[in-house]
Amino acid sequence: NAGVTQTPKFQVLKTGQSMTLQCAQDMNHEYMSWYRQDPGMGLRLIHYSVGAGITDQGEVPNGYNVSRSTTEDFPLRLLSAAPSQTSVYFCASSSLEGRGGSRFYNEQFFGPGTRLTVL
Amino acid sequence: EDQVTQSPEALRLQEGESSSLNCSYTVSGLRGLFWYRQDPGKGPEFLFTLYSAGEEKEKERLKATLTKKESFLHITAPKPEDSATYLCAVLSSGTYKYIFGTGTRLKVLA
């Protein structure tokens, strides 16, 4: 299994440009999420999805769009990049299935990250 | 509002010097508390999940404990390879939004 993959690893954009960060997982996980990580701020949730066709906003959703057409893929779109979106972006996935009949909220598996710079 | 606070922000230990990292949380109801390790330039790597007060989990030199207000990550006789940032996250009842703390940067000196 490749786990969670993200592309690209690095990206430089100019203010106002748009782009899509790709995220894919091969573990058949229902839950997928996008975070941004900034110095001193920790990981902040941007958007998340609990299954194909279902997405919802996290803590910092402004300026970002997501869609989930398949279980495997969860792309993050920057509509009009701004310098404030300079950050490291992580995608993560987890299983929501229970074990032994009980529903446990399981650990998230993270991708390697995309370092984005907006000039 | 759900909140997670980790302390200290940074910690320097000599090899073999045991210590504890703290994660204090405020949630309406706890579904799970998660510990991750993050190395520079990499994504977080899962360590433990704790679901209820009194629960403990161990892995090599690490032991995680949970009360109704906080969790501790105890590091026994640390080695330089334990140097990393340790992140704590919570998932509260009625939501799928994981809330992360800002982490503790641990440096273990040989």
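The values are calculated or read from the model by the stated rules, or taken from the named source; none is laboratory data. Note that the structure is a prediction, hence the values are computed from the model and not measured. For neighbour counting, all protein chains shown are included, and Cβ atoms are generated from backbone atoms with ideal geometry for every residue, glycine included.
Which one of these does A:THR114 not meet: (1) out of contact with any Lys or Arg (no Cβ under 9 Å at 6 or more places or on another chain); (2) at pLDDT 95 or above; (3) more than 10 Å from chain B (Cβ to nearest Cβ)?
(1)
So that you can scan it fast, the table gives a plain yes or no per residue for (1) basic (Lys, Arg); (2) loosely packed, with under 14 Cβ neighbours inside 10 Å; (3) out of contact with any Asp or Glu (no Cβ under 7 Å at 6 or more places or on another chain); (4) within 25 Å of A:TYR48 (Cβ to Cβ):
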position: B:TRP35; (1), (2), (3), (4): no, no, yes, yes
position: B:PRO44; (1), (2), (3), (4): no, no, yes, yes
position: B:PHE48; (1), (2), (3), (4): no, no, yes, yes
position: B:GLU55; (1), (2), (3), (4): no, no, yes, no
position: B:THR65; (1), (2), (3), (4): no, no, no, no
position: B:SER71; (1), (2), (3), (4): no, no, yes, yes
position: B:ILE75; (1), (2), (3), (4): no, no, no, no
position: B:SER92; (1), (2), (3), (4): no, no, no, yes
position: B:LEU109; (1), (2), (3), (4): no, yes, no, no
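Condition check ((1) away from chain A (no Cβ under 14 Å); (2) surrounded by fewer than 15 Cβ atoms within 10 Å (Cβ to Cβ); (3) farther than 23 Å from A:ILE46 by Cβ) across all residues:
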{"site": "B:ASP2", "(1), (2), (3)": "no, no, no"}
{"site": "B:GLN6", "(1), (2), (3)": "no, no, no"}
{"site": "B:ARG31", "(1), (2), (3)": "no, no, no"}
{"site": "B:ARG61", "(1), (2), (3)": "yes, yes, yes"}
{"site": "B:LEU106", "(1), (2), (3)": "yes, no, yes"}
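Any chance the stretch B:23-31 includes a residue that's at pLDDT below 95 and among the charged types (D, E, K, R)?
yes
Which one of these is surrounded by fewer than 16 Cβ atoms within 10 Å (Cβ to Cβ), of a type in the set (Val, Ile, Thr) and away from chain B (no Cβ under 11 Å): A:THR86, A:THR7? Explain how you work it out, then say what you get.
Details: A:THR86 fails: surrounded by fewer than 16 Cβ atoms within 10 Å (Cβ to Cβ).
That would be A:THR7, the only listed residue that is surrounded by fewer than 16 Cβ atoms within 10 Å (Cβ to Cβ), of a type in the set (Val, Ile, Thr) and away from chain B (no Cβ under 11 Å).
Starting from residues that are touching a Gly at 6+ places or on another chain (Cβ under 7 Å) and assigned to a loop (DSSP other than H, G, I, E, B), keep the ones in the stretch B:43-53 and report whichever is farthest from the other protein chains (Cβ to nearest Cβ).
Among residues in the stretch B:43-53 that are touching a Gly at 6+ places or on another chain (Cβ under 7 Å) and assigned to a loop (DSSP other than H, G, I, E, B), the one farthest from the other protein chains (Cβ to nearest Cβ) is B:TYR51.
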